[in-house]
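Colleague: Dropping the structure in here first, questions after.
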């Protein structure tokens, strides 16, 4: 599952997955249409080293900031895992949808087996259903109790341990609150089971710790198609329409059951001998081909990395209107939010589906093939999928892109702990286990911890451990201890401390670092203390921190072991240090207070070979708002950094400084950059140079740039800087129709905050 996060690719990575669900409990009959806003690009903000001892341009003392104040633990009740007493071995479902009543009308046959004890009753999850009858497969009525949430079926006689039974339930539900969503305006229907929503449209065992096979037969209108899990056995005309018969022949958890219906066009592809399908709207074929294009390549990358070829009979992806998540990894049949997939070619790279496609695809291994036993271990699904999304970005777009994505995950993790501090493994929620997903601890922190583990083990050993973990639990359930065990068995090392502090504990280390260089001996001494607040959730973090010292000769590398809150490292240098890259590559999740001169940061920005280190230098230099040398260093990088995102970060950082001709020249040049992301960043920066020439430049870009996204950003920037003077241009540009309203949406956001009657009139004209 991937949460919706607006732009898939902008300067800022944002939360991995999604900023949240579109609605907590959207009405099935009126799920709201959602179009992501188009914000000005915002790079991930690295936490500045805010004690600059000895600098004339020091910012407030680190200890006086709120950077290390933990947020409260989330509210809720502890939910303890409780194993059930029967095994759901197979479920066969036949269902049709009454659009006039928004009704789900179904019949389902469940085959169960008693486990360790004899049973007389079978409790099933079923919320808001009308149970018409329960019978044996021979049509003998069975007694049942139903309280609106749990359907308890009374067997005719006690079922001995390991013995089997089967029964049939006929039911319906009208206007289900969750689970099945009727989209009237387009006559598409989709179901959504995570975490516990399938119980709203069919009776089943609706928990992840039991895996079963199933068959789903769906009756649609004769001009529509139905997609479900597994293989299509066939379709045939029946009274009232067309029946589509699907069968999942390998076991999976029931929250992964799904149905999608509508007037779909099916595009066919393949990976080796596995059918790959893309289900899209008839008028969106070209956009679907573009959005789904990388699917076979991603399957190949993941099959190779994990060491387990794609494990199911087919892989289909469908676009769905008003889908409440970015995507949902229904086994063999992923449902994707159409906003996340269907983009015109010109919108790339600001809008790109590769992250969404790869995230949901990876769930076919981590989530579907291996499934968390209960939702407290949800990071094994979502953290791993976010990590695999980063891996695919690295494989397809390079290390710099992957690093940028990883930095965004780290910063969201830091922000999450400032909102609500909690461990990754967590079993506390108020109403619904889906609540545990809505933080930065499952997706970005889970991915960040896996990246740290990968860095510690090295690529080869790490992927061997992942293979051991996956191969040992195929078609089964997992808990965090299983991943820990696989790491230990692969390496022969004890990883309990690592998992205790990063997964079962909360927070992250805050390092205060000092350095001393003795020119006579050429010895550099580094000392680190952990200064984060400590309590029962957060202690000291033992960590191996990479250090690289840049000199006029060769760089010198070392690793500081921080144990019990303290660490020391001594390095012999061939010449004086020009820059000290502490936590090189940002492979340890942390924030750091490390005083370094502007000259050192300038050198780090100019000569650092890692995106993370140069990004850190930009952030620290930006804090020195009265330092001309800092401004010049950032201006140089904005015009020359080899990685587009850092050029964009530097462009934005320039707005923090007094304006000078060099900065203005750099910004003006960026407005003509071939990369639309840089032009988008530049028009956000150019407004800070308020003047007639600025107005002229922004007007020209808003009217004529090749990218409508850049045009919309330029108009918004002009409105912010010129106010009512920009309204004539706004009326002209906003009158144009554009894909997803990319011309209007940024301007609407600015107009909302303007006070004049003319601005408010224009706002209300387009706010809808």
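Colleague: Considering only the stretch 687-708, state which residues are closer than 14 Å to residue 672 by Cα and outside any helix (DSSP H, G or I).
Modeller: Answer for the stretch 687-708, where residues must be closer than 14 Å to residue 672 by Cα and outside any helix (DSSP H, G or I): 705, 706, 707.
Colleague: Just one of (1) within 14 Å of residue 358 (Cβ to Cβ); (2) in contact with a strand residue (DSSP E or B) (Cβ under 9 Å, 6 or more places away or on another chain); (3) surrounded by fewer than 23 Cβ atoms within 10 Å (Cβ to Cβ) trips up residue 341, so point out which.
Modeller: Condition not satisfied by residue 341: (3).
Colleague: Ok, one more. How about the stretch 531-563: which of its residues are out of contact with any strand residue (DSSP E or B) (no Cβ under 6 Å at 6 or more places or on another chain) and more than 14 Å from residue 575 (Cα to Cα)?
Modeller: Listed by number, the residues that qualify are 533, 534, 535, 536, 537, 538, 539, 541, 563.
Colleague: Another question about this same structure. Take the conditions touching a residue at least 24 places away in the same chain (Cβ under 8 Å), in a helix (DSSP H, G or I) and on the phi > 0 side of the Ramachandran plot and apply them to residue 711. Does it pass?
Modeller: no
Colleague: Restricting the search to the stretch 498-511, which residues are farther than 19 Å from residue 544 by Cβ and either buried (at least 19 other Cβ atoms within 10 Å of the Cβ) or more than 23 Å from the chain's Cα centre (by Cα) (or both)?
Modeller: Matches in the stretch 498-511: 506 only.
Colleague: Would you confirm, using the coordinates I've provided, whether residue 245 is touching a helix residue (DSSP H, G or I) at 6+ places or on another chain (Cβ under 8 Å), surrounded by 13 or more Cβ atoms within 10 Å (Cβ to Cβ) and part of a strand (DSSP E or B)?
Modeller: So residue 245 fails the test.
Colleague: So residue 399 fits all but one of (1) assigned by TED's automatic domain parsing to the domain that holds residue 444; (2) more than 18 Å from the chain's Cα centre (by Cα); what number is the exception?
Modeller: (1)
Colleague: Which one of these is assigned to a loop (DSSP other than H, G, I, E, B) and out of contact with any helix residue (DSSP H, G or I) (no Cβ under 7 Å at 6 or more places or on another chain): 303, 318, 258, 284?
Modeller: Criteria check complete, one pass: 258.
Colleague: For the stretch 483-497, give me the residue count where each residue is assigned to a helix (DSSP H, G or I) and surrounded by fewer than 19 Cβ atoms within 10 Å (Cβ to Cβ).
Modeller: So the count comes out to 6.
Colleague: If a residue must be touching a strand residue (DSSP E or B) at 6+ places or on another chain (Cβ under 9 Å), part of a helix (DSSP H, G or I) and surrounded by fewer than 15 Cβ atoms within 10 Å (Cβ to Cβ), how many such residues does the stretch 443-481 contain?
Modeller: Of the residues in that region, 0 qualify.
Colleague: Can you name the residue in the stretch 512-547 that is in contact (Cβ under 8 Å) with a residue 60 or more places away in the chain and assigned to a strand (DSSP E or B) and, of all such residues, is farthest from the chain's Cα centre (by Cα)?
Modeller: 517
Colleague: Hey, can you tell me all the residues within the stretch 425-437 that are surrounded by fewer than 22 Cβ atoms within 10 Å (Cβ to Cβ) and in contact with a strand residue (DSSP E or B) (Cβ under 8 Å, 6 or more places away or on another chain)?
Modeller: 427, 428, 429, 430, 435
Colleague: Please specify each residue of the stretch 74-89 satisfying the condition of being outside any loop (DSSP other than H, G, I, E, B) and within 32 Å of the chain's Cα centre (by Cα).
Modeller: Scanning the stretch 74-89 gives 77, 78, 88.
Colleague: Kindly state which helices (runs of 4 or more DSSP H) lie completely within the stretch 597-662 and contain at least 2 residues that are over 29 Å from the mean Cα position of the chain (by Cα).
Modeller: 598-607, 628-640
Colleague: Still on this structure, I have one more. How many residues are out of contact with any helix residue (DSSP H, G or I) (no Cβ under 7 Å at 6 or more places or on another chain) and not in a strand (DSSP E or B) if we restrict to the stretch 556-591?
Modeller: The number of residues fulfilling the criteria is 8.
Per-residue answers, yes or no, for (1) part of a strand (DSSP E or B); (2) at positive phi:
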| residue | (1), (2) |
| --- | --- |
| 101 | no, no |
| 104 | yes, no |
| 120 | yes, no |
| 124 | yes, no |
| 135 | yes, no |
| 139 | no, yes |
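Colleague: Find the residue count for the stretch 722-731, including only residues that are touching a residue at least 12 places away in the same chain (Cβ under 8 Å) and out of contact with any helix residue (DSSP H, G or I) (no Cβ under 7 Å at 6 or more places or on another chain).
Modeller: Residues that pass the stated criteria total 2.
Colleague: Something else now. Say we look at the stretch 402-424 and pick out the residues that are touching a residue at least 24 places away in the same chain (Cβ under 8 Å) and farther than 23 Å from residue 506 by Cα; which of these is surrounded by the fewest Cβ atoms within 10 Å (Cβ to Cβ)?
Modeller: So the residue we want is 403.
Colleague: In the list 632, 624, 659, which residue meets the criterion of being touching a helix residue (DSSP H, G or I) at 6+ places or on another chain (Cβ under 8 Å) and farther than 24 Å from residue 675 by Cα?
Modeller: Among 632, 624, 659, only 624 is touching a helix residue (DSSP H, G or I) at 6+ places or on another chain (Cβ under 8 Å) and farther than 24 Å from residue 675 by Cα.
Colleague: Let me ask something else. So for the stretch 714-731 (the condition being outside any helix (DSSP H, G or I), modelled with pLDDT under 95 and farther than 27 Å from residue 595 by Cα), does at least one residue qualify?
Modeller: No: zero hits.
The values are calculated or read from the model by the stated rules, or taken from the named source; none is laboratory data. These numbers come from a predicted model, not from an experiment. As a convention, Cβ positions derive from the backbone with ideal geometry for all residues, glycine included, and neighbour counts pool all protein chains shown.
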